[in-house]
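Structure first, then comments.
The values are calculated or read from the model by the stated rules, or taken from the named source; none is laboratory data. Everything quoted here is computed from the prediction, not taken from an experiment. We place every Cβ from the backbone using ideal geometry, glycine too, and count neighbours over all the protein chains shown. Calculation scope for accessible area: heavy atoms of the full protein, side chains included, ligands and nucleic acids excluded. Shrake-Rupley method; radii C 1.70, N 1.55, O 1.52, S 1.80 Å.
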Amino acid sequence: VDEPRPPAGLSDNHLLAALPARERGRVARHLEPVPLRVHEVLFRPGDTVSAVYFPTRGVLSVLMPTPEGRALEVGVIGREGLAGWPLALGSATTPLLTVVQCAGEALRLGAGAFRTELGRQGALHRLVQRYADVSVNMVLHLAVCGYYHPLEQRCCFRLLLAGDRSHSDQFPITQELLARTLGVRRTSVSAAARGLQAGGLIRYRRGRVHLLDRAGLEAASCPCYRTLRGKFDGLFT
Ligand SMILES: [Zn+2]
């Protein structure tokens with residue numbers, strides 16, 4: 001059971017933390033802390049993006065649904081980023097489903113205030129542009145990955161990504177969600193997870209994953225993880 005923690009602040013989101021003090025102060029006046037409850041939907045396809053969310057803890061999953069009721073995961077967002085970034089590219093609506101994967105908190109910024117701040121062409125504008133670029137890269141990687149890389153390798157990639165976003169080696173993720181995000185049947189995910197468990201790479205119990213051997217998982221992952229991590233590591237440098 002997670003210990004109760006004090007409410008998160010601005011500095012817990014990396015994009016907000018990277019703003020110069022004056023800009024951060026200006027943005028702070030418009031931020032509203034909101035809880036992120038597991039399975040909560042922040043955006044549905046077709047929704048007008050009325051606000052963006054800067055997670056301070058927790059993990060969001062971004063999915064592209066199909067009319068047949070399936071979905072492919074095209075993004076994972078933690079406290080390094082923000083949800084609703086297409087707004088910065090001029091889109092008022094989103095084709096994507098954004099769901100809370102691990103509970104936490106976010107700072108919500110209304111679309112109007114977000115646009116006004118971006119219009120100043122300051123640090124937030126620069127950071128969000130870079131973040132959007134890296135996020136588009138993630139979409140491309142996850143698409144190619146889903147098409148060409150073996151499931152067990154994709155499982156490692158996906159678990160490492162969730163570990164990075166939740167800043168922990170232990171986090172909740174159900175096999176249903178993992179199967180959904182990987183676009184495969186639950187039985188296939190169970191088999192892959194059993195393989196990783198037998199190899200001593202993870203422990204999976206009651207909907208919680210414990211990454212036991214990060215180096216081993218990285219070695220067992222497809223190259224997508226390393227490539228993408230490099231891009232995210234470069235965001236704030
Ligand atoms: Zn891959």
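Some values worked out for this structure:
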{"quantity": "Point-charge dipole on Cβ atoms (K/R +1, D/E -1) for the chain, about Cα centre, debye to 20", "calculated": "40"}
{"quantity": "Separation between Cα centres of the range 167-228 and the range 10-81, rounded to whole Å", "calculated": "23"}
{"quantity": "Accessible surface, the range 170-237, averaged per residue in Å² (probe 1.4 Å)", "calculated": "52"}
{"quantity": "Whole-number percent relative contact order across the range 1-97, with pairs defined as alpha carbons under 8 Å at least 6 apart", "calculated": "33"}
{"quantity": "Cα-based Rg of the range 153-200 normalised by 2.2 N^0.38 Å, two decimals", "calculated": "1.08"}
{"quantity": "Relative contact order (%) - criterion: Cα under 8 Å, at least six apart; region: the range 96-231", "calculated": "27"}
{"quantity": "Rounded D (µm²/s) - the range 137-237, Kirkwood Rh over Cα pairs, Stokes-Einstein at 20 °C, 1.002 mPa s", "calculated": "157"}
{"quantity": "Length-normalised contact order for the chain - Cα pairs under 8 Å, 6+ apart - percent", "calculated": "21"}
{"quantity": "Rounded percent of accessible protein surface that carbon and sulfur make up, the range 140-192, 1.4 Å probe", "calculated": "53"}
{"quantity": "Theoretical FRET efficiency, 1/(1+(r/R0)^6), r = Cβ-Cβ of His39 and Ala215, R0 25 Å, to 0.05", "calculated": "0.20"}
{"quantity": "Residue-averaged 222 nm ellipticity for the chain, from DSSP H runs of 4+ at -39500 (n - 2.57), nearest 500", "calculated": "-13000 deg cm²/dmol"}
{"quantity": "Neighbour cut-off at most 15 other Cβ (10 Å), DSSP loop, trypsin sites (Lys or Arg not before Pro), the range 85-176", "calculated": "Arg120"}
{"quantity": "Fraction of accessible area attributable to carbon and sulfur, the range 12-69 (%, probe 1.4 Å)", "calculated": "52"}
{"quantity": "Among Tyr147, Tyr204, Tyr225: highest mean-square fluctuation, GNM of the chain, C-alpha pairs under 10 Å", "calculated": "Tyr147"}
{"quantity": "Reciprocal mean inverse distance between Cα atoms of the range 92-189 - Kirkwood radius, Å", "calculated": "16.0"}
{"quantity": "Computed lengthening from Leu89 to Leu140, 0.36 nm per intervening residue step minus Cα-Cα distance", "calculated": "16.7 nm"}
{"quantity": "Rounded accessible area per residue of the range 43-115, 1.4 Å, Å²", "calculated": "35"}
{"quantity": "Evaluated over the range 29-139, the Cα radius of gyration and Dmax, each in Å", "calculated": "13.2, 42"}
{"quantity": "Candidates Leu212, Leu15, Leu182: whichever shows maximal mean-square fluctuation once the chain is modelled as a Gaussian network with Cα springs under 10 Å", "calculated": "Leu212"}
{"quantity": "Whether the range 52-101 is rounded, prolate or oblate, judged on the alpha carbon gyration tensor where a/c under 1.5 counts as rounded", "calculated": "oblate"}
{"quantity": "Interchain or long-range residues, amide H under 5 Å from Thr93's placed H", "calculated": "Val49"}
{"quantity": "Positive-end residue of Ser61, Ser50, Ala143, charge dipole of the range 1-152 with Cβ unit charges", "calculated": "Ser50"}
{"quantity": "Positive dipole terminus of the range 1-137, leading residue within Val38, Leu107, Leu118 (C-beta point charges)", "calculated": "Leu118"}
{"quantity": "Hull-based mean projected area of the chain, where the convex hull spans the alpha carbons, in square nanometres", "calculated": "12.5"}
